[in-house]
Each structure stands twice: as structure tokens, then as C-alpha cells.
Amino acid sequence: MIEITGKHLINGQWVNSTTATFASANPSTDDVNPWTFFEASADDADSAVASANDAFRQYRRKSAAQRAALLNAIASEIENLGEQLVHAAMSETALPQMRIEGERGRTCGQLRAFANNLLNPISPVFIDHAQPERQPLPKGDSRLTNTPLGPVVVFGASNFPLAFSTAGGDTASALAAGCSVIVKGHPAHPATTELVSHAIQRAIDICDMPAGVFNMVQSTTPQVAQQLVQHPQVKAVGFTGSQKVGDILNKLTQERPIAIPFFGELGSTNPQFILPQKLASDAQSLANNQVASMLMGHGQFCTSPGLVIVQNSDGLEGYLATLANAISESSAGTMLTKGIAQTYNRQVDLLLSNPSLTHIASGGASSGDCQSSANAFSVSASDFIAQPALQEEVFGPCALVVICDNDEQMGEFALSLTGQLTASVFGSDDELLDYIDLVDDIAQSVGRLMFNQLPTGVEVCHSMQHGGPYPASTAPQTTSVGSQAINRFTRPICLQNMPIALQPEEIKDGATNPQVIV
């Protein structure tokens, strides 16, 4: 068993410089867990960045095989935490054991996938060989590769205490890229954060990496977060959270004397377009599947389906009746934090008071400060388009059914969409062909477009795109999930006439990785 100290991990040491503390909350009991954590000071934040910057100068020269060994070791050490990690995460999030164990598997799988990609590169290396005799001017030898950006600040996410937090996708891809990392732990699960940090520290020791390649600070104050993203030695930021906080931090990164990339995932309503023939033939199954998807994780997935777009046509009455019945039979659920529950309940109250909306159903009554009930509403497409506030994500088990009068209005709705992580279109092959213009319009607003499939669940694979136009993300050209996420934390660099002795192994002639030689 690892002792939870409540301290920060800076340059391989567990330290604290203040006496101010905060508690780890237990949303299942509306009480606190038996741990306290020290608030990071400005000095702690500065020390963490300085440590990461010093380590980066060494770590950036590590080979792909050495970085892969570190990632594999981190995965193994996380698994070695055993039940202690699972129980801590459950007590801090109210998520069930199966969910935490599955997320642990995904986290370790991500780390090992990046390690495998380092050992078996999937991206080509471009090499232009020298032509010294070329006339009228000789051609030099040039080789295109990528170089790591530098120290990266990663913010843990509230809804994924493992897969999008301390050793999650942003940390894994940054380390794979050759960057050092400073994690700002999420205050909703500080014990989980500390345990995973212990695992990473052990892996660093095993692999003889510089101690400061990974640092972690804990804080509940916005000042520490702001200080980290403004620090001149920080070269990029990975963030998953609310649009409000993400916009503030992104603005700070762009107002620096030298702006840096801010890779923020800020929310999505994940619209579900049901075409008329599909609605007429499968109304009940579509409604039941919608409720099952929106109740996964009690609606606290970034891909939870919060919008359903249908036409006032055959099948609509049966769809709404089935939706109402399924939601009415659902039980109240515990949310990740008291603050998230309060925000969700406040947003539902605003929807209930909106005269343009019809309340379809509510789930079982909630009890306790961290609980909430599922809800569904309907609204006309014209009223939805006229009220931009309805496009804002309701983080929790809530869906809004938008009813269109005809094809033209459904198309108008698609054009009104803000950026989304995902969207789905339900229809037969023939019907989808008839609505190809609608499909193309939807595609302009999303990072991942699905057909006859609900969006909950994100596969970690080469072809995944988890991002989208703002406000789904602040960098729609990149993904936070899958092998291409490594590109967030690198930039291209052309090495011209570099002596062979200095060339990285991956760009040398005869290297085993795929090459395109021009």
C-alpha cells in the first residue's frame, strides 16, 4: 500500500511549501475521504516548471525505444497499484468498480499503444538526398522529422480520473513526443492523482529517466492554473473541461509575449439526426437506445448524446412516448462532484422555466447533494435556432428533442450547429443517399460523424478523431485520442546537410521505419 501524503511531486521529490489544505470529497456519501492535500503555492508551480524544463533538455534526446520503455513501464506500474487505485478512484468519483477497472485498462492500453507506435512508426519519414552535381544549383540533403515542443502542462479531467487525467492521453502523447509534463491534478480526485503519480515516478526510476520529466501539483485555486499556462518555459497546454474555464486559460496562453498552443476540449452536445423513414420504422428502439446512451456514466461523458433532431412525421409520437417511459423508469444517479450536480440541476431548472420547451419526462427523484435525475425536453427547430443558449452543453443525463417541420428546416438546423465532437445520422443506405446534402452540412461542424450508431464510446486507434470545431475543441486539426495525438506536442523540422553522426536514428538511411525517399 502506498501512503497518500497530500504532497506535490516535483523533480522526483514529494514536497509542500504551504500549510493550506483541501479535502478529497466522496460524492457517494456527501462527505469527505480520510485524506487531505496541500494547496500548491506559486513557488511550487515555478519549481515544477523549472524541473520539467531542465529534464526536457535531456529527455528530448532519448531515443524512441527509450521513450517506449518508459511508457510501457508506466502502464505496468499503474497495474501494480492494484485494488488501492480502484478503491480510491471509486471513493472520489462514485463511479462503479467495473467502470474504473475498464478505464484503467484503457489508460494502460493508451500508454502501450504510443510505445508500440514509437517502436513501429506509422508516419513516413521524408528524405531528399543531396544532388551536389545538379545544375544550375546543387541540391542539399534534407530530412523532414518532428521535434518536441518542450514542457507541457496537462490538466486532469473530472469525468475520467484515469484515461483523461494524470497518465491519460495528453500525458501519454506528450511523453511519447519527447516532452516533459507538469500535471495540474483535478481537485475532484486528488488521491487517484497522487497514486498514479507514484506509479509514474517508479517507472521514471526504473528507466533511469531524468526525475523532472514528470511533475504533479495539486490545487483548488485558479491562480495556480493561470500561473502554469503563463509560465514562459511552458510550451503547450492540454485541457479537458468546461468551456468557461477553457476559454479563460486559452485567452491567457494567447496573451503571453509568445503565444503557445492550447489544446482544449470544451464540450459537445453530440446531435443525433434521425431521418424520417428510420423514425417511422424504428421509433421505439431508437428511443430506448438514446436513453441507454445518455444514462451511461450518468450523462457525464464528453460524447453523451444531448440533442436529437427529428421531423414531425410518422413515428414521432411513438418515439416521444417511449423516450418518456424509459426516462421515467430511470433512477437518480450520483454525479462526480457536488459542483457538477448543482450546475446540472440549475441548467435543468432553466430549461423547465423556458416557455418554448415542453418537458417530456424526469427520472426518479434525487436525494443528496451530489445526485440528479435524468430529463428530456422537446422544442421546435425554429425556437431552438432563435435561442443560441440552447446549444450549450448540459453536462449530465439530459436530452433535448428538436422537432423540424420538413427537410428544409432540418437542413437549416444543421447549418446552425456550433462545433461538436460527434454527430450521428440514422437512416437506411438509400435514405442516407437521399440526404447527402444534409450529411455534408453536418460534417462541417463535427470531428467524428457516425451512421446508425450512438456516440458514447471512443476507440483508441489510428483512425480516431476526438476533437472538432470550436467550442468542441480549440484545435480542430488535432485529436486528443488515438495515435495521431502525438502530433499535438511536436512540430515539423527540416534537418539539412546534418552529419550522419548527429542524425536521429529514425531519419538515417536504412532505418527500419517507413520512409518516403524523394
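The values are calculated or read from the model by the stated rules, or taken from the named source; none is laboratory data. From a predicted model like this one, the values you see are computed outputs, not experimental measurements. Cβ atoms come from the backbone with ideal geometry, glycine included; neighbour counts cover every protein chain shown. For accessibility, only protein heavy atoms count, side chains too; no ligands or nucleic acids. Shrake-Rupley method; radii C 1.70, N 1.55, O 1.52, S 1.80 Å.
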Members of region 14-54 found to be in contact with a helix residue (DSSP H, G or I) (Cβ under 8 Å, 6 or more places away or on another chain) and part of a strand (DSSP E or B), listed by number: V15, F22, S24, A25, N26, N33, W35, F37
Residue that is surrounded by the fewest Cβ atoms within 10 Å (Cβ to Cβ), among those in region 421-448 that are outside any strand (DSSP E or B) and β-branched (V, I, T): I436
Among residues of region 404-420, those that are touching a helix residue (DSSP H, G or I) at 6+ places or on another chain (Cβ under 8 Å) and either surrounded by 15 or more Cβ atoms within 10 Å (Cβ to Cβ) or polar (S, T, N, Q) (or both), counted: 11
Selected residue (criterion: surrounded by the fewest Cβ atoms within 10 Å (Cβ to Cβ)) from residues of region 60-79 that are in a helix (DSSP H, G or I) and over 25 Å from the mean Cα position of the chain (by Cα): A65
Any chance A287 is assigned to a helix (DSSP H, G or I) and buried (at least 24 other Cβ atoms within 10 Å of the Cβ): yes
Residues that are touching a Gly at 6+ places or on another chain (Cβ under 7 Å), more than 30 Å from P27 (Cβ to Cβ) and small (G, A, S), drawn from region 125-163: A130
Region 11-36 residues that are farther than 15 Å from M216 by Cβ, paired with ones that are open to solvent by 80 Å² or more (accessible area, probe 1.4 Å) and part of a loop (DSSP other than H, G, I, E, B) (beta carbon under 6 Å, 6 or more apart): D30/D369
Residue check for Q453: over 19 Å from G299 (Cα atoms), touching a residue at least 12 places away in the same chain (Cβ under 8 Å) and either part of a loop (DSSP other than H, G, I, E, B) or in contact with a Gly (Cβ under 8 Å, 6 or more places away or on another chain) (or both): no
Test set (1) surrounded by fewer than 16 Cβ atoms within 10 Å (Cβ to Cβ); (2) in a loop (DSSP other than H, G, I, E, B) - R57 fails condition number: (2)
Verdict on E459 being part of a loop (DSSP other than H, G, I, E, B) and either surrounded by 14 or more Cβ atoms within 10 Å (Cβ to Cβ) or among the acidic types (D, E) (or both): yes
From the options P232, P222, residue that is open to solvent by 50 Å² or more (accessible area, probe 1.4 Å), within 18 Å of V181 (Cα to Cα) and of a type outside the set (D, E, K, R): P232
Conditions (1) open to solvent by less than 20 Å² (accessible area, probe 1.4 Å); (2) farther than 15 Å from S242 by Cβ: number failed by D314: (1)
Strands (runs of 3 or more DSSP E) completely within region 321-416 that count 1 or more residues being free of Cβ contacts under 8 Å to residues at least 60 places away in the same chain and closer than 27 Å to L449 by Cβ: 358-362, 375-380
Members of region 464-494 found to be not in a loop (DSSP other than H, G, I, E, B) and not hydrophobic (A, V, I, L, M, F, W, C), listed by number: S473, S483, Q484, N487, R488, T490, R491, P492
Residue match in region 333-347 (condition: open to solvent by less than 30 Å² (accessible area, probe 1.4 Å), over 24 Å from the mean Cα position of the chain (by Cα) and on the phi < 0 side of the Ramachandran plot): no
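One line per residue, one yes/no per condition, for (1) open to solvent by less than 10 Å² (accessible area, probe 1.4 Å); (2) assigned to a loop (DSSP other than H, G, I, E, B); (3) closer than 12 Å to F155 by Cβ:
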position: P187; (1), (2), (3): no, yes, yes
position: G212; (1), (2), (3): yes, no, no
position: M216; (1), (2), (3): yes, no, yes
position: V237; (1), (2), (3): yes, no, yes
position: L249; (1), (2), (3): yes, no, yes
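Table: residues versus (1) open to solvent by 30 Å² or more (accessible area, probe 1.4 Å); (2) not in a loop (DSSP other than H, G, I, E, B).
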{"residue": "E101", "(1), (2)": "yes, yes"}
{"residue": "S158", "(1), (2)": "no, no"}
{"residue": "T166", "(1), (2)": "no, no"}
{"residue": "T171", "(1), (2)": "no, yes"}
Residues located in region 490-505, provided they are touching a Gly at 6+ places or on another chain (Cβ under 9 Å) and exposed (fewer than 10 other Cβ atoms within 10 Å of the Cβ): N497
Enumeration of residues in region 466-483 that are of a type in the set (S, T, N, Q) and surrounded by 22 or more Cβ atoms within 10 Å (Cβ to Cβ): S473, T474, T479, S480, S483
Residue identified as in a loop (DSSP other than H, G, I, E, B) and among the basic types (K, R) among R112, R134: R134
Odd one out for F37 among (1) surrounded by fewer than 22 Cβ atoms within 10 Å (Cβ to Cβ); (2) under 25 Å from V229 (Cα atoms); (3) in contact with a Phe, Trp or Tyr (Cβ under 7 Å, 6 or more places away or on another chain): (1)
Counted residues, region 303-322 - those being hydrophobic (A, V, I, L, M, F, W, C) and within 30 Å of S473 (Cα to Cα): 4
Sole residue being outside any strand (DSSP E or B) and without any contact (Cβ under 8 Å) to a residue 24 or more places away in the chain, chosen from Q254, Q201, Q277, Q226: Q254
Residue within region 42-54 that is open to solvent by less than 40 Å² (accessible area, probe 1.4 Å), in contact (Cβ under 8 Å) with a residue 60 or more places away in the chain, touching a His at 6+ places or on another chain (Cβ under 9 Å) and of a type in the set (S, T, Y) present: no
Criterion: crowded, with 16+ Cβ neighbours inside 10 Å, among the polar types (S, T, N, Q) and modelled with pLDDT under 95 - qualifying residue of S366, S373, S362: S366
